[in-house]
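Undergrad: One structure, as structure tokens, below. Some questions next.
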Amino acid sequence: MVSSKDYMKLIERWLGFARGLVRQVGGRPELEYFGTGYNNWAVQTHQKAFSAFAVCAVDPDLDEKNCQIKRDEILYHALKMLRFNLETHIQGSFFCLDGTKWGHTWISALGIERMMHGIDAIKEYLTDYDRKLLEKVMVSESDWLVDDYFRDMPERKGEVLAGKTIHNHPESNIWNGAHLLRTVLLFPDVKRKKEYIEKATTFIINGISISSDAKCKEPVNGKPVSYWYRGDNFFPSFALNHHGYLNTGYMVICL
């Protein structure tokens, strides 16, 4: 059976190669980027690379000989990669190397979710400034999800959508709900806490949603499932027609 240690061995071997793709920003020595440093998918790639560096930096079983890079250097790069990502967000002081800032898109919350285990791994090494900027980024994305999320349809601004074939958004509803709840858990004094929890509940209930949820009386956050229901993404058999075909990959991802 494959274990987490087996994956670590693969990631360790990758680190030595990946170090050559991490570059410092001219004039901002505290910032480093992986790959191109551009917006959109490059942001997602950078966030996942940061996570790998961060997790390896604190793993007690790290084999420095296998990865050909010292633990301290891995942590050094991880912190600078995180700061690049936070500073190039709409709330930050810098920009991606294509001259734009990232954030407030249908997929930006997913990128943050994909790197949160990395942030958790090195949280004791973050400065007060790092933590405050992280809060600004997460709150900014949460506000956008509550007020403006619309999947390229201005007429549906702020809505949570679901459907078997049209407006089928199981995975994104789940990751958006997860982001809102994570913001509340990390920053419990956030001003819009109640709104975040309510919107998160709507997103998550409309993840693996089926038609019978429209009449379900089981309580969630003080109200029946039927109150939160917006549509069924899955068929009653729990099959999923995502991207136009029976998408077993997304069925597993959502679960």
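The values are calculated or read from the model by the stated rules, or taken from the named source; none is laboratory data. Remember, predicted model here, so these are calculated numbers, not experimental data. Neighbour counts run over all protein chains shown; Cβ positions are idealised from the backbone, glycine included.
Undergrad: Given the criteria among the β-branched types (Val, Ile, Thr) and out of contact with any Lys or Arg (no Cβ under 7 Å at 6 or more places or on another chain), does Ile107 qualify?
TA: Judged against the criteria, Ile107 is a match.
Undergrad: Read through the list (1) in contact with a Ser or Thr (Cβ under 9 Å, 6 or more places away or on another chain); (2) assigned to a loop (DSSP other than H, G, I, E, B), then give the number of the only condition that Asp61 fails.
TA: All conditions are met except number (1).
Undergrad: Do any residues in region 110-130 that are on the phi < 0 side of the Ramachandran plot have Cβ atoms under 7 Å from those of residues that are surrounded by fewer than 20 Cβ atoms within 10 Å (Cβ to Cβ) and among the small types (Gly, Ala, Ser), where the two are at least six apart or on different chains, and which pairs are they?
TA: Glu113/Ala178
This table checks each residue for (1) touching a Cys at 6+ places or on another chain (Cβ under 8 Å); (2) surrounded by fewer than 16 Cβ atoms within 10 Å (Cβ to Cβ); (3) at pLDDT below 95.
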{"position": "Asn66", "(1), (2), (3)": "no, yes, yes"}
{"position": "Leu86", "(1), (2), (3)": "no, no, no"}
{"position": "Gly92", "(1), (2), (3)": "no, no, no"}
{"position": "Leu97", "(1), (2), (3)": "no, no, no"}
{"position": "Trp102", "(1), (2), (3)": "yes, no, no"}
{"position": "Ala121", "(1), (2), (3)": "no, no, no"}
{"position": "Val137", "(1), (2), (3)": "no, no, no"}
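Undergrad: Taking the conditions exactly as written (within 30 Å of Lys157 (Cα to Cα), touching a strand residue (DSSP E or B) at 6+ places or on another chain (Cβ under 9 Å), surrounded by 14 or more Cβ atoms within 10 Å (Cβ to Cβ) and not β-branched (Val, Ile, Thr)), does Lys80 satisfy them or not?
TA: When the stated conditions are applied, Lys80 does not pass them.
Undergrad: Return yes or no: is Ala200 in a loop (DSSP other than H, G, I, E, B), at pLDDT 95 or above, surrounded by 20 or more Cβ atoms within 10 Å (Cβ to Cβ) and hydrophobic (A, V, I, L, M, F, W, C)?
TA: Criteria not met by Ala200.
Undergrad: Among what's in region 23-57 and is more than 21 Å from the chain's Cα centre (by Cα) and either in a strand (DSSP E or B) or touching a residue at least 24 places away in the same chain (Cβ under 8 Å) (or both), pick the residue that is farthest from Ile74 (Cα to Cα).
TA: Arg28
Undergrad: Ok, one more. Inspect region 47-56 for any residue being modelled with pLDDT of 90 or more and touching a Ser or Thr at 6+ places or on another chain (Cβ under 9 Å) and give the result as yes or no.
TA: No, the conditions are met nowhere in region 47-56.
Undergrad: Could you please tell me which pairs satisfy a Cβ distance under 6 Å, a separation of 6+ or placement on different chains, a first residue in region 232-255 that is within 13 Å of Asn173 (Cβ to Cβ), and a second residue that is aromatic (Phe, Trp, Tyr)?
TA: Filtered contacts from region 232-255: Leu240/Phe234; Leu240/Tyr250; His242/Tyr250.
Undergrad: Continuing with the same structure: Tell me whether region 146-153 contains one or more residues that are free of Cβ contacts under 8 Å to residues at least 12 places away in the same chain, loosely packed, with under 15 Cβ neighbours inside 10 Å and in a helix (DSSP H, G or I).
TA: The answer is yes, given that some residue of region 146-153 is free of Cβ contacts under 8 Å to residues at least 12 places away in the same chain, loosely packed, with under 15 Cβ neighbours inside 10 Å and in a helix (DSSP H, G or I).
Undergrad: For region 223-238: of the residues being assigned to a loop (DSSP other than H, G, I, E, B) and surrounded by 13 or more Cβ atoms within 10 Å (Cβ to Cβ), which is nearest to the chain's Cα centre (by Cα)?
TA: Filtering region 223-238 for residues that are assigned to a loop (DSSP other than H, G, I, E, B) and surrounded by 13 or more Cβ atoms within 10 Å (Cβ to Cβ), the one nearest to the chain's Cα centre (by Cα) comes out as Asn233.
Undergrad: OK, next. The conditions are (1) modelled with pLDDT of 95 or more; (2) surrounded by fewer than 22 Cβ atoms within 10 Å (Cβ to Cβ); (3) of a type outside the set (S, T, N, Q), and Glu159 fails exactly one of them. Which is it?
TA: Result: Glu159 fails condition (1) only.
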